[in-house]
Amino acid sequence: MNQKLLSGIAASNGIAIAKAFRLENPELIVEKAAISNTDAELTRFESAVDQSKSELEIIKEHTAQQMNDEEAAIFSAHLLVLSDPELLGPITEKIRSENINAEFALQETSNMFIGLFESMDNDYMKERAADIRDVTKRVLAHLLGVSIQSPSIITDEVIIIAEDLTPSDTVQLNPLYVKGFITDIGGRTSHSAILARTLEIPAVVGAQTVMSSIRNGMTVIVDGLNGDIIVNPDAETIARYEDKKASYELQKSEWARLKNEATVTSDGHHVELGANIGTPKDVVGVLEHGGEAIGLYRTEFLYMGRNQFPTEDEQVEAYSSVLKQMDGKPTVVRTLDIGGDKELSYLQLPKELNPFLGLRAIRLCLEMEDMFRTQLRALLRASIHGNLKIMFPMIATIEEFRQAKTLFLEEKAKLENEQIEVSNTIEVGIMVEIPSTAVMADIFAKEVDFFSIGTNDLIQYTMAADRMNERISYLYQPFNPAILRLVKNVIDAAHKEGKWTGMCGEMAGDEIAIPILLGLGLDEFSMSASSILKARTQISKLSKMEMESHIDAILSLSTSEEVVSYMNKLSGMKK
Amino acid sequence: MIEKQYNITSAEGIHARPASVLVGALAPFKSEVTLEWNDKKVNLKSILGVMSLGVSSGANINIVANGEDEEQAMAKVAEIMETQGIGN
C-alpha cells in the first residue's frame, strides 16, 4: 500500500508509531415523537440524567487520582451542566407542554447552547461547545439505550484515530497502550490537546481527513512535534522516524534531568537563565521549564484590554501573585512601557509621526507622574512577597533614571510613614536599549543596581532601522559587531562597579548568540520559557574561558555575516 | 431584594473554574440570584448562563438576590468572591 502524508495541528510533543484504532462515535439519531404519558417521559429523562451524573462522578474521581484536581475540575463543570436550571428547565417544559419525547427536547435545547458558544468570538468559549456536546451526548445515549465505545477497553499498543475526543474519552486513555492520537477536529486549546500534554502522549488534532482515510490496523506515524501524520509508512520512513523518536526521547530525558539544575558551563561558571512573561499565569510555564528567574515581566498587559487604568490594589495582586509563585527567585519587573506602537484605548495620546522615537515608556511615565507613582506604590507593597527587582524602560539619560529613582524613593518613604511594610532590598536598574545609554554605561553603572539589555530596540536604534519595515529588514542585525561592542561595553562597565548585566531580548535565547554572550560575561539570560532547557543544555557544553578567548577575534570582524560564519565554524554547525 | 456591585480582579475574569465554584455554591439556596453585566442578565445558578456571559477581568458587575434566603445567598457570593480571589 502506498505511503501517504497527512497533516494537522501539532498538539502534544513526541513521536509514536503503531497500528491505528478507530474510535467510532455511534451516530445518535434522534427523531421527534409525540408522547402520551408526560410524567413517565419526565421520569425517564430524570433517570438518564442521574445515571449520567453517577458516571461523571466516577470519571471525576478517576481523573483526580490518575491526573490532578485541575483536570478533574472539568468534570465538576460537566456535573454542574447536568444540574443547570437553564438547560433542564426548557427541556422539561418542552416535554410537558409540547408532549414531545425527551431525546428531541434534549437535543433541541442543547443545540441552542452549543450554537451560542460556537458563535462566540473567542477560542476558549468555542471549545466549551465541545463540553456541552460531550455531556448532553452521554444523557442522550442513556435515553436511546446506546452504549458509547470506551477507550478504556483498549489493551494493545495503538494510535487512536477519532473525529474528536471528548474530555471523558481522553481521561480514559491509558498511556501504556495508547501511544498517540489523531483527531479530525479540535485545536491546541481543546481539552483533549491539553490532556495529551499532561499525559505526555504525542497528538495531532484538526487533521480533517483521518477518519475518512485511515482504517483499523493500518500502521501510522504521528509526529506531534510538527503535526505530520504518515499512513502506511515504508521501511525507510519507519527507520527515519525511529531515529527521530529516539533522539527526541534522549533530549527530553536530558532536559528533564536539567530542569532542577543550575545553569553551569563545562568549566564551572554559573549564569542565570530566566524567562520573559506577560501575566501572572505565565509563571507556571517558567517553573515547568526550569526557569531560575524572571528576567522581564512586561507589566503593560495589566493596562491593556480594558477601559481604565488598573487600580493600585489590582496591581498589587498581580505583582504579589508572580512574586509568591517565584518563591524567592529573582523577579525583574519592568515598569509600564506604553506609547510607540503600544496604545491604550483610554489614554488619548496624540498621534506621533515617529512613535518609536516619541513619548513612550519612561518618558510617558515621568510626564504622567500619578499613574507612574501608583505603579511604584503597588510594586513596593508587593515587594514583601519575594525577590523583587524593578527596571525602567527606555532610559536615555542619567537624569531620567535619577528622576524615576527619586519618585520610587518618595513612594517608599510614604509607605513607611503609613506603617506599610516594604522590602529594603529591592534592586533598581534600567533597560539598556538606547545607544546613548550603552555608550555611557560606565556613568550609569555607578548609580543603577543592574542593567538589562533589550536587544530588539537596541538593534533598531543603533542601526536606525524600523524593525516593522520589511524593506529594510536586512539592517536588523543582532550580530553586527557594532551591537556586540555595545553589549561588551555595558557588561564591562557593570562588572567594574560590581553590578550585574542581563539580557531580555530575542538574542538571549539564540543558539548562535549564547556562546558569544557567555564569552562577553553576560550574567543573566532571559528568554521565552520554552527555550530555557535547550539553552541550559547548550551552556553546559560550553567553556566560558574558551569563549572569552574568541571575543577579541569576533569583535574585530567587519560584518554580521562574518560573525555568524565564525560562530558556525566554531560550533561545527553546518549552515 | 438586595443587590451588590463587584469589581472583577481575577486575571481570567469569571471563566470555567471561578464560574463553577460560584454556581456550585449557590445551588442550595432558594432565592433567585442574577448577574448583570454589559446590559445582559443571567441566572447565577446556571453554569451555561454565567459562562456564556464571558465576564472579563476589570469588569464591574451587579449581583441581585431575591427570595427568602437572599441575605445568606448574598453572603455566600461575598465569601466566594473573596476566598477565590474573583473580585471585590
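Only the coordinates and a few stated rules stand behind these numbers; no lab work does. The model shown is predicted, which means the values in this text are computed figures rather than measured ones. Cβ: placed from backbone, ideal geometry, glycine included. Neighbour counts: every protein chain shown.
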Longest principal axis of chain A (C-alpha) makes with the long axis of helix A:85-98 (C-alpha) an angle, in degrees to the nearest 10, of 30
With x for Gly and Pro, the residue-by-residue ³J(HN,Hα) of region A:70-84, computed from phi through the Karplus equation 6.51 cos²θ - 1.76 cosθ + 1.60 at θ = phi - 60° and given in whole Hz, is 5, 5, 5, 4, 4, 7, 4, 5, 4, 4, 5, 4, 6, 10, 6
Per the rule of 0.36 nm per residue minus the C-alpha distance, extending A:Thr155 to A:Ser253 adds in nm 32.6 nm
In degrees, nearest 10, the alpha-carbon axis of helix A:235-258 is tilted away from the dominant principal axis of the alpha carbons of chain A by 60
Ranked from fewest to most other Cβ atoms within 10 Å of their own Cβ, A:Val487, A:Val284 fall in the order A:Val284, A:Val487
As straight-line cross-link partners of A:Lys53, the qualifying aspartates and glutamates (C-alpha separation under 14 Å, not fewer than 8 residues apart within one chain) are A:Glu61, A:Asp84, A:Asp134
When the charge dipole of region A:38-144 is computed with +1 at the Cβ of Lys and Arg and -1 at the Cβ of Asp and Glu, the Cα pointing farthest to the positive end, of A:Gln51, A:Leu80, A:Met67, is that of A:Gln51
Of A:266-274, A:62-70, A:373-381, ordering from highest average Cβ density within 10 Å down gives A:373-381, A:266-274, A:62-70
Computed, not fitted: 222 nm per-residue ellipticity of the protein assembly as shown from DSSP H runs ≥ 4 (each -39500 (n - 2.57)), nearest 500, equal to -14500 deg cm²/dmol
Quarter of the surface of the C-alpha convex hull for the protein assembly as shown, i.e. direction-averaged projected area in nm², equals 34.4
Computed ³J(HN,Hα) along region A:490-500: with the Karplus parameters 6.51/-1.76/1.60, θ = phi - 60°, integer Hz and x for glycine or proline, the list is 5, 5, 4, 4, 5, 4, 4, 9, x, 9, 10
Computed for chain A: size of charge dipole around the Cα centre, +1 on C-beta of each Lys and Arg, -1 on C-beta of each Asp and Glu, debye to nearest 20, value 1160
Links exceeding 24 Å between C-alpha atoms in this model, out of A:Lys60/A:Lys245; A:Lys4/A:Lys126; B:Lys40/B:Lys76; A:Lys60/A:Lys324, come to A:Lys60/A:Lys245; A:Lys4/A:Lys126; A:Lys60/A:Lys324
Filtered hits (aspartates and glutamates, Cα-Cα < 12 Å from A:Lys405, offset >= 8 within chain) -> A:Glu427, A:Glu447, A:Asp449
In whole angstrom, largest first, the equivalent ellipsoid semi-axes that the Cα gyration tensor gives for region A:289-392 are 26, 15, 12
Label model pair A:Asn226, A:Lys4: point-to-point distance (7 angstrom along the Cα→beta-carbon line) in nm is 2.1
Assertion target for A:Glu288, B:Glu68, ordered by fewest C-beta neighbours within 10 angstrom first, is B:Glu68, A:Glu288
Cα-Cα longer than 23 Å, checked against A:Lys244/A:Lys534; A:Lys351/A:Lys412; A:Lys329/A:Lys534, kept in input order, equals A:Lys351/A:Lys412
Straight-line reach check, A:Lys496, cutoff 16 Å on alpha carbons, 8 or more apart in-chain or any other chain, hits among lysines -> A:Lys446, A:Lys488
Rounded to the nearest 10 degrees, the helix B:16-26 long axis (Cα) sits at an angle to the longest Cα principal axis of chain B of 10
Of A:23-32, B:79-88, ordering from highest average Cβ density within 10 Å down gives B:79-88, A:23-32
